[in-house]
Amino acid sequence: MAVGTIWAVVEPSSGGAATNGLELLRGARELTSTIGAVTFGDASGAAETLGDHGASTVLTVDTGNAMAGVPVAAAIAAAVEARGADGPTAILLPQTYEGRDIAGRLSVALDAPVLANVVGLEERDGRLVAEHAVFGGSTIVKAAFTTDRVQLFVVRPKTFVAEGGAGGAGAVEALPIPDTGRPGATTVVARHAEERIGPKLDEAPVVVSGGRGLGDKERFAMIEELARLLKGAPGASRAIVDAGWVPYSYQVGQTGKTVKPNVYLAVGISGATQHMVGMKGAKKIIAINKDREAPIFGIADLGVVGDVNKVVPKLIDALKSR
Amino acid sequence: MHVAVCVKQIPDPAAPGRLDPETKTLVREGKFVMDDSDSYGVEMALQLVQAAGGGAVTAISMAPNNEIKGVKDALAMGADSAIVVSDPALKGSDALSTARVLAAAVTRAGDGAGPVDLVVTATESTDGYTGTTPVQLAALLDLPAVTFVKKVVCDGSKVTVERQTDEGYDEVESTLPALVTVTAGVVEPRYPSFKAIMAAKNKPCHVVGLADLGLDASQVGFAGARQEITEVLAAEERKGGDIVEDDGDAHLRIVSYLESLKVI
Ligand SMILES: Cc1cc2nc3c(=O)[nH]c(=O)nc-3n(C[C@H](O)[C@H](O)[C@H](O)COP(=O)(O)OP(=O)(O)OC[C@H]3O[C@@H](n4cnc5c(N)ncnc54)[C@H](O)[C@@H]3O)c2cc1C
Ligand SMILES: Nc1ncnc2c1ncn2[C@@H]1O[C@H](COP(=O)(O)O)[C@@H](O)[C@H]1O
């Protein structure tokens, strides 16, 4: 294939490789057969999983206690330059905290522009074309680079579906980190994890999200209860994250998580475009909102026009008594 | 302490966006406002300077048509001065070119009001939302960066921040000067008083061109972006389904729907 070698950045998650990284490997497999997975932290030990998901080589970066962005980008940039024509023609990064940090640094180090918010990738006449969803997902814009620099694509999670069975463990190679100078001076001194039970928000088959229509912080307990009864994960609109009702990690949407559950329940959420881009991919959507004109009803498979304080407690009782 | 805060000026986000059929880029017209996302950065900058016992906040913005309305919002909130880079050649700039321009402007701010200790930006803009500009800016300025920050404490030559993560937050330390990006909700942006709005009219707002900053037109705008839009299509529309008014039994509809989907 004309596309050449593709590298995908796979970040760590709960002791292994993050799903969004495995998704990138799946996307790369559609385009080429020579794939490198660039990993750091706990993902470096996941060579077998990465190989199974399509990585022929696993390139590891030992970031220690540093924030990942600077050292990982420096190591990749040096490796790209050292490899010359044998190096990657494209690098896929997840649209996450670390992914964007790495992409920004790489872009400057390699003097390469970035296409971000990618929701699809295809090959057209030997060049890579990226898809972007704009205006709340109502319009698709396709874009491509006009330079022969390494192509940097920052891809939204859930763009591809992770799939194993592609082969054995890849060959592992440690990438050295060149001196990163002043920018390398950030260290993580402590990590704080919030207690969360049940499935992860971006992997749960059912997501129940609450919005400002709940009225106050205490009523988010209804959302958690409903999520628990449906074996799903609770989520939130940005309005209530900003209001401090729930942590940022609950946020669904453009600036938060992209979710594609079998069922998404939007409770007291208006359906702003920035919220919808994060959940429009759900198989089925159920919305409860007192305003018949709320935009969320435009995409809901089942819409209930009603007061959350009346509908939700009854729904919880009905589910409990089953 | 000198804090430079990036302020993007955008068309009123409530007005529906559209693409220029010719260049296929976002049409930026009408009344401009300060991107709401940046009001948090401005507030953070003001609080940090106050906590440091004094200093200056310089607002930095890049805009194609001598636009300063949105920057006036930042000055009204309390920023001391502003540098706006405006040039017809900036039209079509991508994140990397934008970062290049902002970097030159931050450097200029340092020449003016003393070395910049901290650069503050939003995590992502409302209309562009690439979220890569800030880190590119940090890289061009050879600064460390801490992104997705919810709390910042500056202490002389060091900054300690709480950085949001998927699981919770990390405590991160960095040397100064540095760049941080903040998300909405981390501070409560102040509403400028009428007096402050009037006072903002007399604050220094320097509008400079590319040449003033020693930048070349080939590094920015459509030329610098080195990417092109190949196609614009309507996305497959997701259709709404049944809508029912709650008559006291709507929860039963939800239960039977969940049953039909085999969720319960
Ligand atoms: C750059 C940018 C990025 C953004 N990113 C995100 C993002 O990632 N995720 C996100 O969610 N938002 C995001 N937003 C914010 C988004 O534009 C909306 O402001 C937000 O989604 C609104 O949240 P909401 O639906 O909870 O609140 P509202 O829009 O206030 O809606 C509340 C709804 O509750 C209904 N309601 C009120 N009372 C009741 C009741 N008793 N019973 C039933 N219904 C009731 C109302 O009719 C209303 O429809 C972003 C915005 C910007 C500018
Ligand atoms: N033209 C600009 N002028 C000033 N600041 C900008 C500009 N473009 C981007 N920024 C800053 O960078 C952040 C991220 O922008 P973006 O990469 O477009 O998501 C914005 O929220 C601003 O703080």
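The values are calculated or read from the model by the stated rules, or taken from the named source; none is laboratory data. What you see is a predicted model; the values in this text were computed from it and never measured. Heads up, the Cβs are rebuilt from the backbone with ideal geometry, glycines too, and the neighbour counts pull from every protein chain shown. The area values use the complete protein model at the heavy-atom level, side chains included, leaving out ligands, DNA and RNA. Shrake-Rupley method; radii C 1.70, N 1.55, O 1.52, S 1.80 Å.
Data overview
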quantity	calculated
Checking A:ALA318 against (1) within 9 Å of another protein chain (Cβ to nearest Cβ); (2) more than 27 Å from the chain's Cα centre (by Cα); (3) crowded, with 21+ Cβ neighbours inside 10 Å, the condition it does not meet	(3)
Total residues in the range B:74-88, condition more than 12 Å from ligand 2 (Cβ to nearest atom), buried (at least 23 other Cβ atoms within 10 Å of the Cβ) and part of a helix (DSSP H, G or I)	3
Check on B:THR130, free of Cβ contacts under 8 Å to residues at least 60 places away in the same chain, within 16 Å of ligand 1 (Cβ to nearest atom) and closer than 22 Å to A:PRO113 by Cα	yes
Residue count, the range B:166-183 (criterion: without any contact (Cβ under 8 Å) to a residue 40 or more places away in the chain and open to solvent by less than 40 Å² (accessible area, probe 1.4 Å))	4
A:ASP291 assigned to a loop (DSSP other than H, G, I, E, B), at pLDDT 95 or above and of a type outside the set (Val, Ile, Thr)	yes
Residue check for B:LEU19: within 28 Å of A:ALA112 (Cβ to Cβ) and either hydroxyl-bearing (Ser, Thr, Tyr) or in contact (Cβ under 8 Å) with a residue 60 or more places away in the chain (or both)	yes
Some residue of the range A:50-59 being acidic (Asp, Glu) and touching a Gly at 6+ places or on another chain (Cβ under 8 Å)	yes
One residue from A:GLY256, A:GLY232, A:GLY271 being more than 16 Å from ligand 2 (Cβ to nearest atom), crowded, with 22+ Cβ neighbours inside 10 Å and more than 9 Å from chain B (Cβ to nearest Cβ)	A:GLY271
Qualifying positions in the range B:137-165 - free of Cβ contacts under 8 Å to residues at least 60 places away in the same chain, surrounded by 22 or more Cβ atoms within 10 Å (Cβ to Cβ) and hydrophobic (A, V, I, L, M, F, W, C)	B:ALA138, B:ALA139, B:LEU141, B:LEU143, B:ALA145, B:VAL146, B:PHE148, B:VAL149, B:VAL159, B:VAL161
Some residue of the range A:189-203 being crowded, with 20+ Cβ neighbours inside 10 Å and either near ligand 1 (Cβ under 8 Å from one of its atoms) or under 22 Å from A:PRO157 (Cβ atoms) (or both)	yes
Qualifying positions in the range A:139-163 - more than 19 Å from the chain's Cα centre (by Cα) and open to solvent by 60 Å² or more (accessible area, probe 1.4 Å)	A:THR146, A:ASP148, A:ARG149
Some residue of the range A:144-160 being without any contact (Cβ under 8 Å) to a residue 12 or more places away in the chain and among the polar types (S, T, N, Q)	yes
So A:GLU48, is it within 13 Å of another protein chain (Cβ to nearest Cβ) and either in contact (Cβ under 8 Å) with a residue 40 or more places away in the chain or not β-branched (Val, Ile, Thr) (or both)	no
Within the range B:53-73, considering residues that are in a loop (DSSP other than H, G, I, E, B), open to solvent by 10 Å² or more (accessible area, probe 1.4 Å) and out of contact with any Phe, Trp or Tyr (no Cβ under 6 Å at 6 or more places or on another chain), the one nearest to ligand 2 (Cβ to nearest atom)	B:PRO64
For B:THR130: the one exception among (1) at pLDDT 95 or above; (2) at the interface with chain A (Cβ under 7 Å from one of its Cβ atoms)	(1)
Of all residues making up the range B:228-245, the number that are more than 12 Å from A:LEU302 (Cβ to Cβ) and either within 7 Å of another protein chain (Cβ to nearest Cβ) or touching a residue at least 60 places away in the same chain (Cβ under 8 Å) (or both)	10
Filtered residue count, the range A:110-137, keeping only those that are at the interface with chain B (Cβ under 7 Å from one of its Cβ atoms) and within 23 Å of B:GLY224 (Cβ to Cβ)	6
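Results for (1) among the aromatic types (Phe, Trp, Tyr); (2) open to solvent by less than 10 Å² (accessible area, probe 1.4 Å); (3) outside the structural domain of A:PRO94 (by TED's automatic domain parsing); (4) within 8 Å of ligand 1 (Cβ to nearest atom), shown as yes or no for each residue.
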| residue | (1), (2), (3), (4) |
| --- | --- |
| A:ARG238 | no, no, yes, yes |
| A:PRO247 | no, no, yes, no |
| A:GLN251 | no, yes, yes, yes |
| A:GLU293 | no, no, yes, no |
